[in-house]
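The values are calculated or read from the model by the stated rules, or taken from the named source; none is laboratory data. The structure presented is a predicted model; accordingly, all values stated were derived computationally and were not measured. Reconstructed Cβ throughout: ideal geometry from the backbone, glycine too, with neighbour counts over all protein chains shown. Keep in mind that these areas ignore ligands, DNA and RNA; they rest on the heavy atoms of the full protein, side chains included. Shrake-Rupley method; radii C 1.70, N 1.55, O 1.52, S 1.80 Å.
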Amino acid sequence: MYPLFEWHGVGNGMLMAIIATYHILPCHLATGAFWITYFMERKAYQENDMDMLDFLKKYSLLVLIFCFVTGSLTGAGIWYAATVISPRAISGLIHNYVWGWATEWVFFLIEIVTIYTYYYTFEKISPKAHMRIGLIYAMSAWFSMVIITGILGFMLTPGKWVQTGGFFDGFFNPSYWPQLFVRTAFMFVVGGAYAAIVASFMKNPDVKEKAMKVAAKWGLGGLVVGGVFTIWYFAKIPAVSRTIIFNDLGFTQTMFKIAIVAGVLLFIYFVIWGLKRARTASPITAIIAMLILFVGICAGETMREMARRPYLIPHYMLSNQMIDHDMKAKGVTSEVAKFDKTGVLPAYYFAPDSVKKINESNFMAAGRILTKLECISCHTLETSGFLSIPRLMVGFGAKTPSEVHDFLDALGDYDYMPPFVGTETEKRAMAAYIASLVDPNQKIDPAWVVAGK
Amino acid sequence: MELAHVLNGLRDPMGVPFYPWFFQVLMVLTFALHIIFVNLAIGGTFMAFYEHYKKGEYNKKLSGFLARSSTVNLSAAVVLGVAPLLFVQVIYDPFWYVSTVLSAWWAVGFLIFVTVAFLALYAFYLKRKGEAMKGFGFFGVASFVLLLLAAFVMNLISVQFLEPEKWKAWYLTGTMMNTSGTTIYDFRISRYLHYIVASFAITGVFMMLYGWFFSKREDMDKDYLHWVASSGAKLALWSTVVAMIVGVWWLLSVPSKLNFVSNPFLIIGVLLGVVFLIVLILAQKEPEKYAMWSALFAFVAVLGMSTAREVLRMVYLGKFNYSIYTYKLNLNLGSTALFLLTFIMGIIVMAYPLAVAWKLGRYGKTNEEGA
């Protein structure tokens, strides 16, 4: 176990949420936009429409700066955030999927070479060569999605990997194909919404109408097909994940509603301004449509993330970074079983030696360290912030050490929570510390913590 | 607990999917490529605003070229940085993770610095033209300063990485753990400057290449190109001299008991640096003629020094009986093959747009097929 990082008063989960949510925008645009750019460029050359080419050039620069640059940096940002919040989990993923990420990296290399060549050779090389380069970009961006979907899907439905530890067993997991199809369909929705923005800026009304119609057809097609695949996707995820999303958490139920509303609004947008009144489409509505789309995607991604609870790596590593299953194929044994017997603190090198054996004078320090180890990847210890423990405890009516202790005992009953890991004494030390967060003035009996009575 | 035992215990229990030496080779190779583009981005950004503030038509033109190319070079640096970042976490995970978590906000800040540097660089590049826009030089300066900050973060992570014996004392004060992630525990200024000064040497070579690359173009001003190449050759030569002096300063900071001074990899690295210097001395009179040679020897020298850097890391960690070669192996040939085959395919695919860009740049036109 590694040292810990804590975003005091805000919460580590928030750091990940901010970076990951932002990343969703550029990364989807980077994969979706160039398909439409390709088809629009082809049309522009066929019809010798120089206005359209001018716009495509401008918008490729936007894709380049906004998507490629901020997309690649926030992508690395997710990685860094995961590193400082849950280093053991990112390590576990990397030690399984290093070649997957390395393969994705090859596509990043192709993307960077093609997108810059594409932008800087606009109208300087033959149309055929230029479009070919654009198409290579679009395809390699899609391939990077083909790869990352395998890893994302693995994080929810690891399939046979749990037994075999095999790369492809986890990669082509039960939710891989539905998720890839959903993402591919929505990639075209993103492309369509992007194209609608490009089209809405066009001055020539005929060109505008034509471009809007193309954009709307891609968008509507993607929405319908993506919606169907989403149903397939939900059927493929584990029942417990569906329970978490649709029954346990009000938060994910709200996210689901947001995603549905976003989809419906977008559908209406494409029908009205894409097919019926294309000439009146304005940049403002086009940009609003894009924002609605991203709110919808964010909601969907949030649901997928929440459905992974209580695991970081399913059936292997809990959200507190402890390994709770044997992984025989790779020679790994469960840590939870061991720690429940011999304690977490003696095994944690970065804990001070003075707290490794809990006594009447050190139990608070021990409790504090245990709480941080097991809780702060998601919760905050302050009353402010994301999923604050003292606030939650008040909500659950657990205020005294023994009430908190009973709550910790029942943790495993919640679908989305990992169980408490450690010895009974450690559990009481944690309970004492958490109770002190709820009410700092209450008296805590050291003998109860050490001896249990 | 003995430290060697602790370090091995921090390793990922699932092991590595292919032989550690292979990840090590890839890590060194991709790091060398990455650092060259980092050098180009840092040196190029500085020279871009430096030339921007100077009077003279050539200076302005050069500033524009450097600003534009620095945006591309910075992109390349970011993408190429992903690979060594990935591989270091495969074989050196305990060190990388502890060092990063201890200074977590700096690690997150690194990405913010680079992102803002990027956007500032674009603002500088797109808006700098014309007298009225002279104020946009500020964006160039800001971009450079942010890149220096980002480089500093990598310096501190890499230095803290090498000091596992200090980690626990850094992290703990009594029974309090410092989980703030805002503390910087160690850094090495000589090591930092060695990289930064080298940026100007590599950027000098880049300017020589620029003079050479466009020399066949009818539509380019020959005197201007020659001026750029000569300025580049001078910049490269003097920066290399300074980098060597700073390098000696840094070498003195390496604990003498590690005996690194007599390490053959260091000696080879230094010799390659000297060869590069000799090529640069020869290049002063006819910089265009020696541009490709300078680039080649610059690359070889950087690769040699990257290798020496990795060997030094092994020497440092050898003190704690840590060796990457004892990492548990869970061989997975399928995924290894997936990467290697994709990599070969990638090189073939990339050859096409690169050839198009090369022909267009060097000759100003392409044939019907665009190649």
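Every residue, every condition in (1) surrounded by 24 or more Cβ atoms within 10 Å (Cβ to Cβ); (2) assigned to a loop (DSSP other than H, G, I, E, B); (3) touching a residue at least 60 places away in the same chain (Cβ under 8 Å), yes or no:
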site	(1), (2), (3)
A:Pro3	yes, yes, yes
A:Leu29	yes, no, yes
A:Trp35	yes, no, yes
A:Ala44	no, no, no
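Would you call B:Glu310 at negative phi, touching a Gly at 6+ places or on another chain (Cβ under 8 Å) and in contact (Cβ under 8 Å) with a residue 12 or more places away in the chain? Judged against the criteria, B:Glu310 is not a match. Residues that are surrounded by fewer than 15 Cβ atoms within 10 Å (Cβ to Cβ) and within 9 Å of chain A (Cβ to nearest Cβ) were ranked within region B:346-360; the one that is modelled with the lowest pLDDT is B:Leu354. A Cβ distance below 7 Å, combined with a sequence gap of six or more or placement on separate chains, defines the contacts here; from region A:193-208, residues that are farther than 23 Å from A:Ala262 by Cβ reach residues that are of a type in the set (D, E, K, R) and surrounded by fewer than 24 Cβ atoms within 10 Å (Cβ to Cβ) in the pairs A:Met202/A:Asp51; A:Met202/A:Lys208; A:Lys203/A:Asp51; A:Asn204/A:Asp51; A:Pro205/A:Arg279; A:Val207/A:Asp49; A:Val207/A:Asp51; A:Lys208/A:Arg279. Evaluate region B:87-105: report whether one residue or more is out of contact with any Ser or Thr (no Cβ under 8 Å at 6 or more places or on another chain), facing chain A (nearest Cβ under 9 Å) and under 23 Å from B:Ser199 (Cβ atoms). Looking through region B:87-105, none of the residues is out of contact with any Ser or Thr (no Cβ under 8 Å at 6 or more places or on another chain), facing chain A (nearest Cβ under 9 Å) and under 23 Å from B:Ser199 (Cβ atoms). For region B:163-188, filtered to residues that are open to solvent by 50 Å² or more (accessible area, probe 1.4 Å) and out of contact with any Phe, Trp or Tyr (no Cβ under 9 Å at 6 or more places or on another chain), the residue that is nearest to B:Trp249 (Cα to Cα) is B:Ala169.
Among B:Ser75, B:Ser69, B:Ser63, which is the only one that is open to solvent by less than 30 Å² (accessible area, probe 1.4 Å), part of a helix (DSSP H, G or I), within 14 Å of chain A (Cβ to nearest Cβ) and more than 30 Å from A:Trp99 (Cα to Cα)? Walk me through it before giving the result.
Details: B:Ser75 fails: more than 30 Å from A:Trp99 (Cα to Cα); B:Ser63 fails: within 14 Å of chain A (Cβ to nearest Cβ).
Selected residue: B:Ser69, the only one of B:Ser75, B:Ser69, B:Ser63 that is open to solvent by less than 30 Å² (accessible area, probe 1.4 Å), part of a helix (DSSP H, G or I), within 14 Å of chain A (Cβ to nearest Cβ) and more than 30 Å from A:Trp99 (Cα to Cα).
As a summary of the residue check, B:Lys285 satisfies the conditions (1) open to solvent by 80 Å² or more (accessible area, probe 1.4 Å); (2) under 30 Å from B:Pro20 (Cβ atoms); (3) more than 25 Å from the chain's Cα centre (by Cα) except for the one numbered (2).
Taking the criterion of being over 19 Å from the mean Cα position of the chain (by Cα) and facing chain B (nearest Cβ under 9 Å), would at least one residue in region A:80-100 satisfy it? Yes, region A:80-100 contains a residue that is over 19 Å from the mean Cα position of the chain (by Cα) and facing chain B (nearest Cβ under 9 Å).
How many of the residues making up region A:389-414 are in contact (Cβ under 8 Å) with a residue 40 or more places away in the chain, under 26 Å from the mean Cα position of the chain (by Cα) and surrounded by 15 or more Cβ atoms within 10 Å (Cβ to Cβ)? Break it down stepwise before answering.
In the first step, residues of region A:389-414 are kept if they are in contact (Cβ under 8 Å) with a residue 40 or more places away in the chain; the result is A:389-390, A:393-394, A:398-402, A:414.
If we keep only those that are under 26 Å from the mean Cα position of the chain (by Cα) too, we end up with A:389, A:414.
With the extra rule that they be surrounded by 15 or more Cβ atoms within 10 Å (Cβ to Cβ), the set shrinks to A:389.
Count: 1.
Within region B:210-230, is even one residue open to solvent by less than 50 Å² (accessible area, probe 1.4 Å), within 30 Å of B:Val315 (Cα to Cα), at pLDDT 95 or above and not charged (D, E, K, R)? Among the residues of region B:210-230, not one is open to solvent by less than 50 Å² (accessible area, probe 1.4 Å), within 30 Å of B:Val315 (Cα to Cα), at pLDDT 95 or above and not charged (D, E, K, R), which makes the answer no. Within region A:308-362, being open to solvent by 60 Å² or more (accessible area, probe 1.4 Å) and of a type in the set (Asp, Glu) holds for A:Asp326, A:Asp340, A:Asp353, A:Glu360. For region A:376-394, the criterion of being small (Gly, Ala, Ser), under 23 Å from A:His8 (Cα atoms) and out of contact with any helix residue (DSSP H, G or I) (no Cβ under 8 Å at 6 or more places or on another chain) is met by at least one residue. Restricting attention to region A:415-453, the residues that are among the aromatic types (Phe, Trp, Tyr), surrounded by fewer than 18 Cβ atoms within 10 Å (Cβ to Cβ) and under 32 Å from the mean Cα position of the chain (by Cα) add up to 0. Would you mind stating whether B:Ala48 is buried (at least 24 other Cβ atoms within 10 Å of the Cβ), of a type outside the set (Val, Ile, Thr) and under 19 Å from B:Gly361 (Cα atoms)? Here the answer is no, as B:Ala48 does not meet what is asked. B:Leu338 falls short of the stated requirement of being farther than 30 Å from A:Lys124 by Cα and touching a residue at least 24 places away in the same chain (Cβ under 8 Å). Taking region A:72-186 as the region of interest, the helices (runs of 4 or more DSSP H) fully inside it that hold 1 or more residues being aliphatic (A, V, I, L, M), touching a residue at least 12 places away in the same chain (Cβ under 8 Å) and crowded, with 24+ Cβ neighbours inside 10 Å are A:87-120, A:127-154.
The single condition from (1) open to solvent by less than 10 Å² (accessible area, probe 1.4 Å); (2) in contact with a Leu (Cβ under 8 Å, 6 or more places away or on another chain); (3) closer than 25 Å to A:Asn48 by Cα that A:Val189 fails is (3). In this structure, B:Val153 qualifies as within 14 Å of chain A (Cβ to nearest Cβ), in a helix (DSSP H, G or I) and among the β-branched types (Val, Ile, Thr).
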